[in-house]
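In what follows, a single structure is set out as structure tokens and then discussed.
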Amino acid sequence: MEATGVNAWYGRRQALYDISLAIPEGSVTAIIGPSGCGKSTFLRCLNRLHEETPGARVSGSILLDGEDLGKKDAVSVRFRVGMVFQRPSPFPNMSVFENVAAGLRLLGVRHRAELDQGVVEALELAGLWDEVKDDLDAPGTGLSGGQQQRLCIARALAVQPEVLLMDEPCSALDPIATNKIEALLQHLKTRYTVVIVTHNLAQAVRVSDTTAFFYLGKLVEMDRTEKIFHAPREKLTENYVTGRFG
Amino acid sequence: MAGLAALGILVLLALLTGFLVESAWPSLTHFGIGFLFGTVWDEPHNVFGAGPAIVDTILTSLFALLLAVPIALGVAIFLTQIAPAWLRRPLTYVVDLSAAIPSVVYGFWAFFVIVPLMNSTIEPGLTSLTGGRWPFPPSGSLGYDLLTATLVLTVMILPTIAAISRESMLAVPRIYRESALSLGATRWEATRMAVLGPARTGIVAGIMLGLGRALGETIAVTMVIGNVYILPGTIFSPGATLASWIVNNFSELTPASLAYQALLEMALILLAITVLVNVVARGLLWRFGSATEGGSPDRPRRHRRSRRSLVLAATSPAEPGTGGEPPAWRARVAAGVRSRLVRRRGVQWTVVGLTVLCLVIAIAPLASVILTLARLGGPAVVQPSFYTSLPPLGCNPNPFTTCSLGGIGPAIQGTFIMLGLGALIAVPMGLLAGIYVAEYGRNSFGKLVGFLADVMTGIPTIILGVFVFVLFIYFDHNAALSALSGGVALSVIMIPIVTRATIEALRSVPTGVRESATALGFPRHRVTVRVVLGSARSALVTGILLAASRALGDTAALLLTAGGSSFWFSSLNTQTAALTPFIFANFASSYQNLRTDAYGAALVLLAMMLGISLVARLAVRSGAAAPEGE
Ligand SMILES: Nc1ncnc2c1ncn2[C@@H]1O[C@H](COP(=O)(O)OP(=O)(O)OP(=O)(O)O)[C@@H](O)[C@H]1O
Ligand SMILES: [Mg+2]
């Protein structure tokens, strides 16, 4: 996945300035940076969710498999680029099963056996199957926070996207739930391209192969994760990863 | 003090019920349960039954609901999910505006626009379309019938349902919609999956509030339903609802006659129905509100345990990580995505089209009302003397005489006197009760008062009018029809609205303000009065304006309590003129000059209402109004 010259605005206010970067496939890319630097905004540009904010605008191009996403239909883009949000957000009026099946139904999967298979597969991939298999008809919002977040991951995975975007997926979770999701990421990257926004620098080191550092709406530097954390090119990056600000 | 005012609301409700029961008692005991099923209203023989009125009330309200709900939902969906950002505020304002139009104005408009249209085009059209089969036989009602009443009710409850649905949809956290979009849902699919579902409790509450409004709607229905007391045979039958029958007959009956008591029993039935509906609606809204505050807008409902687990047991899930061949259906689905997308986009655009249509349907009556009133009332309102003269003697011009137009001076004067009187009682009482509930009433008593104030705003004003009349008959029967009685009736309309507005205004003051003031050492009541009321000021003003505009636009209660007069105000104990009763009494007068006056009065009333709502809007803007979510 490749972004070229991406600018983004909320109303008149510009949130991203000329971001160009390439996201390697089949690996985990972390985006770090102080609060308000545009990490979420950039992530939301990647699946064209940004344009759903009233008054928001975006320019530049984002390529996936060589196709310019901006020229395609937003719906088919989002079906290929899934997203998990900061706060767990299982649909409150749906059961565990229905939450995961929601995307499959949109794709037109009707047969019960097929739905079942897709749901079970996604739940297993998200490492949630064993915990919920006995009560799939329970409301999704009845699970614990960590389980809810994995349910959201399963929901996103069920439609088998090529890219999975995660916006601080662990920031609302306790350490044990966080561990589970980090382990899951290691497993997921064999099949998916993952982009994760995180405030937790240790987490970025643990889970990511590549790290991008954003500051004030600009990309400061992007490189292999060890490089960013141990031998960054930019002074700004060094200050940030060593905890001197932010 | 504040606690007393809160208690006052309970007392008011108790008095309301008590006096109605007490005054209707002879009828209750005389007819027993049979009153509900009796089908005649026979004064000479003293036989009364509420059957036809109950049937007509329920039929017109339910059918109005059936028509209004889909349109209102379409409007709410358009305003929250589809309209571009810059259009949302103005369109919302326009839709809300149609909720502020007084029912006498709607009735007036319906009389001049809908009734003729029904009579000349729609009803004959329906008849020929259906070949005259039941329930569409050739109509002899001249357009004054159940169908017309239903349509007018539809127009009137639509903005209420749309407003509550819109708010409920806005209360659903955006993250759900975005989650759905991120799965590849179209905007409509995201709305269906992730907005309508979570908002459903609020939407149902809005529908119930609309139903309550339809059941109790009085004046507009009276003006178009034909007022014939028979069980309906077709949708073109003329009829009478509980409210319309009460308002039509009340002033002609002697208190203490059995007919009068039977009419009071009708009021009691209407009270019971509307309170029930409003209790359900408010209960749902409270639940919805407390759920959205906690972040998840609707309590998860336990799903039916289906055969799901059985089917699952039959499919043996692939071992994770084995990387086996993807199942065949995946490929089939992937191949079908493109063509399916075309269809889904088709649905999306159809929905957009339909919601725009809903919006047009919702706004069209407002436009038509304004145009109709401007056309009819224009000639009168441009004369300065219209505002200062007494109403004329009835007269029709002929080649030998011209008629004087006269004016609505006394009606304007009386309206403001009674409005002032009402505000004098309602504002302090509502404010105090609201302060009590918001600031001190975390106990169950406070909650009860808040809830009952909510429910009370849904009681039809005709019942409040009946109550105040009965109250005066009991304590001071000479003043039962007077400015005083009218003012008290308006105050009863305003009290719960002011209370609610106060509660909401105070609750919206951030706790930080309160805490920092307390931390500075202000005693509690000073914190409340100075700091909290200060920062809620503009919201309070808006609430009081809202209450005043409801009172200003009300006809039913004033008709029963203020009486009528063609002269200037003389004393609080005598009958007094007011705008809405004047319009109602004269819009179909056989004298041309009186009709013209009524048209002008209607236009003046409409202008006042629109003016108030504009001022209220500006007050909200100038205050620290919270941004509107989306
Ligand atoms: N809906 C919005 N409307 C207006 N401005 C916004 C909106 N969302 C974000 N912004 C602004 O855009 C800038 C970038 O925000 P963004 O949410 O992308 O930052 P972030 O890096 O994700 O921050 P955080 O780490 O706190 O999540 C910020 O200055 C923010 O104030
Ligand atoms: Mg963010």
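Where a number appears in this text, it was derived from the coordinates with a stated rule and is not lab data. Since the structure is predicted, the reported quantities are computational estimates derived from the model, not experimental observations. When we count neighbours, we look across all protein chains shown, and the Cβ atoms used for this are built from the backbone with ideal geometry, even at glycine.
Test of understanding: extend the Cα→C-beta vector of B:LEU393 to 7 Å, then name every residue of the range B:557-598 with backbone N under 20 Å from that spot. Once the point is set 7 Å along Cα→Cβ of B:LEU393, B:565-568, B:586, B:589-598 turn out to lie under 20 Å by backbone N, inside the range B:557-598. Between B:LEU91 and B:GLN383, the contour length at 0.36 nm per residue exceeds the alpha carbon distance by 101.8 nm.
Stretched out straight at 0.36 nm per residue, the stretch from B:ARG287 to B:LEU231 would grow longer than its current Cα-Cα span by 16.3 nm.
Compare the peptides A:59-68, A:12-21, B:218-227 by average per-residue count of other Cβ atoms within 10 angstrom and give them in order, highest first.
Averaged packing, sorted descending, gives the order B:218-227, A:12-21, A:59-68.
Distance between the C-alpha centres of the range B:147-209 and the range B:359-401: 38 Å, rounded to the whole angstrom. Computed from point charges on the beta carbon alone (+1 for Lys and Arg, -1 for Asp and Glu), the dipole magnitude for chain B about its Cα centre is near 2940 Debye.
With the convex hull constructed from alpha-carbon coordinates only, chain B shows a mean projected area of 37.3 nm² over all directions. Figure legend: label point modelled 7 angstrom from the Cα of A:ARG244 along Cα→Cβ; residues of the range A:195-234 with amide N under 13 Å from it are A:232-234. Per-residue Cβ neighbour counts within 10 Å put A:MET94, A:MET1 in the sequence A:MET1, A:MET94, beginning with the fewest.
Please give the per residue volume of the convex hull enclosing the alpha carbon atoms of the range B:1-124, rounded to a whole number of Å³. All intermediate terms of the calculation are to be shown ahead of the outcome.
Numbers: hull volume 30.6 nm³, N = 124.
With only Cα atoms used, the range B:1-124 gives 247 Å³ per residue.
For A:TYR10 and A:SER27, the difference between the fully extended length at 0.36 nm per residue and the C-alpha to C-alpha distance is 3.1 nm. For A:LYS180, a cut-off of 28 angstrom between C-alpha atoms picks up these lysines, skipping any fewer than 8 places away in its own chain: A:LYS39, A:LYS133, A:LYS189, A:LYS227. Only aspartates and glutamates eight or more places from A:LYS218 in sequence, or on another chain, were considered; those with a Cα closer than 15 Å are A:ASP18, A:GLU234.
If you take the beta carbon distance between B:ARG133 and B:TYR474 as r and set R0 to 60 Å, what does 1/(1 + (r/R0)^6) give as a FRET efficiency, to the nearest 0.05? Working shown, then result.
Working: r = 53 Å, r/R0 = 0.88.
E between B:ARG133 and B:TYR474, to the nearest 0.05, is 0.70.
Its alpha carbons considered, the range A:123-246 gives a radius of gyration followed by a Dmax of 16.4, 53 Å.
Given the range B:493-623, report the % of alpha carbon pairs whose separation exceeds 20 Å.
Percent of Cα pairs beyond 20 Å in the range B:493-623: 60.
When the charge dipole of chain A is built from unit charges on Cβ atoms (+1 for Lys and Arg, -1 for Asp and Glu) and taken about the Cα centre, the candidate among A:PHE214, A:ALA15, A:GLN149 whose Cα reaches farthest toward its positive end is A:ALA15. Here the calculated FRET efficiency for A:ASN179 and B:ARG338, from their Cβ-Cβ distance with R0 = 41 Å, stands at 0.50, rounded to the nearest 0.05.
For peptide A:65-73, the mean count of partner chain Cβ atoms within 10 Å of a residue's Cβ comes to 1. With θ taken as phi - 60° and the Karplus curve 6.51 cos²θ - 1.76 cosθ + 1.60 applied, the whole-hertz 3J(HN,Hα) list for the range A:150-162 is 5, 4, 5, 5, 4, 4, 6, 6, 4, 8, 6, x, 8 Hz, x standing for glycine and proline. Say the dipole of the range B:493-630 comes from +1 at the beta carbon of Lys and Arg and -1 at that of Asp and Glu; which of B:PHE587, B:ALA616, B:ALA501 then lies farthest toward its positive end? Checked the options; the winner is B:ALA501.
With all projection directions averaged, the alpha carbon convex hull of the range B:239-287 covers 4.1 nm².
Cα gyration tensor of the range B:10-50, axes a ≥ b ≥ c as square roots of the eigenvalues: rounded (a/c below 1.5), prolate (a/b > b/c) or oblate?
Numbers: a/c = 3.02, a/b = 2.55, b/c = 1.19.
Because a/c hits 1.5 or more and a/b exceeds b/c, the range B:10-50 counts as prolate.
In plain terms, the bigger the Kirkwood radius, the slower the diffusion; for the protein assembly as shown, with that radius from Cα pairs, at 20 °C and 1.002 mPa s, Stokes-Einstein puts D at 70 µm²/s.
Using a 10 Å cut-off around each Cβ, can you sort B:ASP42, A:ASP73 from fewest to most neighbouring Cβ atoms? Numbers along the way, then the final one.
On the way: B:ASP42 12, A:ASP73 16.
By the 10 Å Cβ count, ascending, the order reads B:ASP42, A:ASP73.
Put simply, the amide H of A:ASN7, placed in the peptide plane, has neighbours under 5 Å in A:ASP18, A:ILE19, A:SER59, A:GLY60, leaving out anything fewer than 5 places away on its chain. Computed 3J(HN,Hα) for the range B:460-467, one whole-Hz value per residue from the Karplus formula 6.51 cos²θ - 1.76 cosθ + 1.60 where θ = phi - 60°, is x, 5, 4, 5, 4, x, 4, 4, glycine and proline marked x.
To the nearest 20 debye, what is the magnitude of the charge dipole of the protein assembly as shown about its Cα centre, counting +1 on the Cβ of each Lys and Arg and -1 on the Cβ of each Asp and Glu? Mind dumping the intermediate values first?
Numbers: 67 positive and 56 negative charges, 316 e Å.
Value, rounded to 20: 1520 debye.
Restricting the count to DSSP beta bridges whose residues both fall in the protein assembly as shown, what percent are antiparallel, rounded to a multiple of 5?
Values: 25 of 43 bridges.
If I count the DSSP bridges inside the protein assembly as shown, around 60 percent turn out antiparallel.
Contact order for chain B, expressed relative to its length and based on alpha carbon pairs under 8 Å spaced 6+ residues apart, stands at 19 percent. Arranged from fewest to most other beta-carbon atoms within 10 Å of their beta carbon, A:ASP174, B:ASP597 become A:ASP174, B:ASP597.
Assuming charge only on the beta carbon of Lys and Arg (+1) and of Asp and Glu (-1), the dipole of the range A:26-90 about its Cα centre is about 180 debye to the nearest 20.
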